[in-house]
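Contents: one structure, followed by commentary.
The values are calculated or read from the model by the stated rules, or taken from the named source; none is laboratory data. Just so we're clear, the structure is a prediction, and the values are computed from it rather than from any experiment. Cβ placement follows ideal geometry from the backbone for every residue including glycine, while neighbour counts extend to all protein chains displayed. Quick note on the areas: whole protein, heavy atoms, side chains included, nothing else; ligands and nucleic acids left out. Shrake-Rupley method; radii C 1.70, N 1.55, O 1.52, S 1.80 Å.
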2 protein chains.
Amino acid sequence: MENNKENKLDSDKNLLKLLSSQYITEDEFEQLYDSSVIIQFKKGEVLLKQGLKTTHLVFITKGMVKFNYQDNSGKNLILTIAKAPSILGGANIFYDNINIFSITAIEDCEGYLIDVEKLKNIVINNSNFTLKLLELVSGMFKTSVFNFISLAHKQVTGRIAEILLYLSRSIYESDKFTLNLSRQEFAEFVGCSKENVINTLRKFHNEGIIEVTGKHIIINDPEKLNKISKVG
Amino acid sequence: MENNKENKLDSDKNLLKLLSSQYITEDEFEQLYDSSVIIQFKKGEVLLKQGLKTTHLVFITKGMVKFNYQDNSGKNLILTIAKAPSILGGANIFYDNINIFSITAIEDCEGYLIDVEKLKNIVINNSNFTLKLLELVSGMFKTSVFNFISLAHKQVTGRIAEILLYLSRSIYESDKFTLNLSRQEFAEFVGCSKENVINTLRKFHNEGIIEVTGKHIIINDPEKLNKISKVG
DNA sequence: TTTTTTAGATGAGTTCTATCATCATAATAA
DNA sequence: TTATTATGATGATAGAACTCATCTAAAAAA
């Protein structure tokens with residue numbers, strides 16, 4: 001039993017690193033760990049649903065997710081893309097526990113469910129960990145503000161250039177990658193129509209800035225993309 | 001001396017309520033209070049400047065401010081409007097202390113500067129207060145996400161309807177108010193051109209939904225505004 | 001396999017929005 | 001006071017982005 005747990009810890013250094021290490025004690029980690037449940041999500045499955053109460057966080061160790069929002073009229077918007085390892089759902093535990101957006105797997109994921117109540121107990125008794133969470137939420141706030149600014153100020157060409165760079169640098173970590181977003185989803189991320197995405201990608205392709213073959217994308221000229229994203 | 005402090009406490013119940021009450025001890029409050037400086041800002045003055053490091057927070061007890069961002073090309077964007085009493089600058093103390101946007105007085109303000117280092121000391125030793133801050137930042141995150149969603153999904157007419165309702169309900173707390181934003185600033189809040197704001201306000205006026213006389217605005221039909229803001 | 005459905009691609013037409021030019025009025029400075 | 005500047009208002013034009021229709025290719029289902 002103890003041995004088994006050791007193995008799980010070893011094989012999942014990311015969880016250990018993010019949730020324990022300098023922030024919580026061995027004991028506190030055990031508390032969290034005992035209450036967490038390993039779970040798998042298939043592509044398309046919803047990890048946390050918009051409008052529902054949060055009873056748990058998800059710490060994903062494998063896979064990729066989108067933060068998506070659906071409005072009254074059924075239109076979708078992708079706020080951001082995140083990949084493992086990452087703690088999901090942290091923003092609304094301490095404010096009110098209703099998810100303001102959904103988190104959906106865009107490829108198969110694996111992770112742990114973490115009980116919010118257990119987490120709260122740890123937080124109350126551990127200021128350092130609380131500070132770490134505060135940092136996490138502040139970071140999310142900052143990202144969302146920048147996202148907001150970008151959306152407000154840039155036109156579609158600039159947004160697409162920016163998002164291509166974001167995907168390349170922060171998500172796929174390569175200048176060659178295979179999108180796991182459809183053109184429709186890409187458009188929901190940019191905040192424009194599907195056709196606009198397709199046309200703009202084609203334009204970049206024709207100008208030699210990128211190479212597009214279906215979902216496979218190669219960034220040829222990141223500098224030029226950067227320039228386009230700055231100009232707007 | 002002690003008496004003088006009592007008076008200041010009494011006359012400024014908001015500060016007391018927000019910063020102390022159930023969250024920090026009398027001692028901790030004294031620490032903060034001793035280090036805080038009463039300060040006044042004239043309309044147009046910058047309380048916290050985008051790009052600069054935060055050495056203090058501002059707790060405003062009187063007046064109104066805008067959160068504004070200026071991009072490379074000099075274009076402005078107003079993220080939100082806040083009025084006293086409010087703690088400003090809380091989002092970036094614990095992440096990294098560079099202000100991502102400016103906070104500028106849109107009418108004369110009065111408040112306290114709060115030393116960030118002193119605040120940090122309190123936070124580390126008081127989980128409840130930290131939780132309160134976490135709640136504050138989470139709330140800001142949530143607001144900014146909703147703002148983002150609104151910007152991405154609604155067109156100008158819907159945004160303006162929404163902002164009129166926001167100003168009426170949350171800021172001026174009346175259906176009659178005198179804007180302390182110019183049309184240009186209003187446009188920077190909406191995320192559109194000045195002319196678009198003017199035309200849309202005129203349209204609402206002609207349809208009898210609102211009454212506009214320069215900066216004086218009367219909301220005649222909040223229900224209709226709400227409908228317009230929902231439809232987009 | 002064939003059929004059906006979904007995703008990607010493209011162009012035309014329309015709507016929305018920004019920009020520009022101009023003018024009137026209000027606020028501020030000389 | 002007058003002159004100057006900033007703000008508000010309006011219409012015309014150009015550009016950006018969306019919607020719609022259509023088509024092809026790929027994926028999924030029968």
Original post:
Looking only at strands (runs of 3 or more DSSP E) that fall completely inside the range B:26-81, which ones have 2 or more residues that are touching a Cys at 6+ places or on another chain (Cβ under 9 Å) and not hydrophobic (A, V, I, L, M, F, W, C)?
Top reply: B:56-62
Original post:
What are the residues in the range B:189-231 that are touching a Gly at 6+ places or on another chain (Cβ under 7 Å) and crowded, with 18+ Cβ neighbours inside 10 Å, if any?
Top reply: B:ILE228, B:SER229
**OP:** May I ask you to list pairs of residues, at least six apart or on different chains, whose Cβ atoms are under 6 Å apart, with the first in the range A:174-193 being touching a residue at least 60 places away in the same chain (Cβ under 8 Å) and the second being in a loop (DSSP other than H, G, I, E, B) and open to solvent by 20 Å² or more (accessible area, probe 1.4 Å)?
**Re:** A:ASN180/A:GLU107
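Here is a yes/no grid of residues against (1) away from every other protein chain (no Cβ under 12 Å); (2) under 18 Å from A:LEU32 (Cβ atoms); (3) among the hydrophobic types (A, V, I, L, M, F, W, C):
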position: A:ASN97; (1), (2), (3): no, yes, no
position: A:PHE101; (1), (2), (3): no, no, yes
position: A:THR104; (1), (2), (3): yes, no, no
position: A:VAL116; (1), (2), (3): yes, yes, yes
position: A:ASN121; (1), (2), (3): no, yes, no
position: A:ASN128; (1), (2), (3): no, yes, no
position: A:LEU133; (1), (2), (3): no, yes, yes
position: A:SER138; (1), (2), (3): no, no, no
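Considering the range A:129-152 alone, what residues qualify as being farther than 11 Å from B:THR130 by Cβ and open to solvent by 30 Å² or more (accessible area, probe 1.4 Å)?
Passing the criteria: A:GLU135, A:LEU136, A:MET140, A:THR143, A:PHE146, A:ASN147.
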Subject >> Options A:GLN155, A:GLN184: the member that is more than 10 Å from every other protein chain (Cβ to nearest Cβ) and at pLDDT below 95 >> reply: A:GLN155
Subject >> Sole residue being in a loop (DSSP other than H, G, I, E, B) and either within 23 Å of the chain's Cα centre (by Cα) or within 11 Å of DNA strand D (Cβ to nearest atom) (or both), chosen from A:ASN180, A:ASN196 >> reply: A:ASN180
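Scan the range A:212-232 residue by residue and report those that are within 11 Å of DNA strand C (Cβ to nearest atom) and more than 14 Å from every other protein chain (Cβ to nearest Cβ).
Hits for the range A:212-232 are A:VAL212, A:THR213, A:GLY214, A:LYS215, A:HIS216, A:ILE217.
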Original post:
Limited to the range B:117-128, what total is found for residues that are open to solvent by 10 Å² or more (accessible area, probe 1.4 Å) and either part of a helix (DSSP H, G or I) or within 24 Å of B:LEU47 (Cα to Cα) (or both)?
Top reply: 7
Original post:
Are any of the residues in the range A:60-79 open to solvent by less than 20 Å² (accessible area, probe 1.4 Å) and over 27 Å from A:CYS192 (Cβ atoms)?
Top reply: yes
**OP:** Could you tell me whether the range B:138-146 includes any residue that is part of a helix (DSSP H, G or I), within 16 Å of DNA strand D (Cβ to nearest atom), in contact (Cβ under 8 Å) with a residue 60 or more places away in the chain and of a type in the set (Val, Ile, Thr)?
**Re:** no
Subject >> Unique residue being part of a loop (DSSP other than H, G, I, E, B) and either away from DNA strand C (no atom under 16 Å from the Cβ) or within 19 Å of the chain's Cα centre (by Cα) (or both) when the list is A:GLU188, A:GLU173, A:GLU135, A:GLU162 >> reply: A:GLU173
Subject >> Scope the range B:210-232; condition over 23 Å from A:PHE148 (Cβ atoms), more than 9 Å from DNA strand D (Cβ to nearest atom) and either in contact with a strand residue (DSSP E or B) (Cβ under 8 Å, 6 or more places away or on another chain) or acidic (Asp, Glu) (or both); matching residues >> reply: B:ILE210, B:GLU211, B:HIS216, B:ILE217, B:ILE218, B:ILE219, B:ASN220, B:ASP221, B:GLU223
**OP:** Determine whether the range A:152-169 contains at least one residue that is touching a strand residue (DSSP E or B) at 6+ places or on another chain (Cβ under 6 Å) and closer than 27 Å to B:PHE146 by Cβ.
**Re:** yes
**OP:** Restricting attention to the range A:88-109, report how many residues are part of a loop (DSSP other than H, G, I, E, B) and of a type outside the set (Val, Ile, Thr).
**Re:** 9
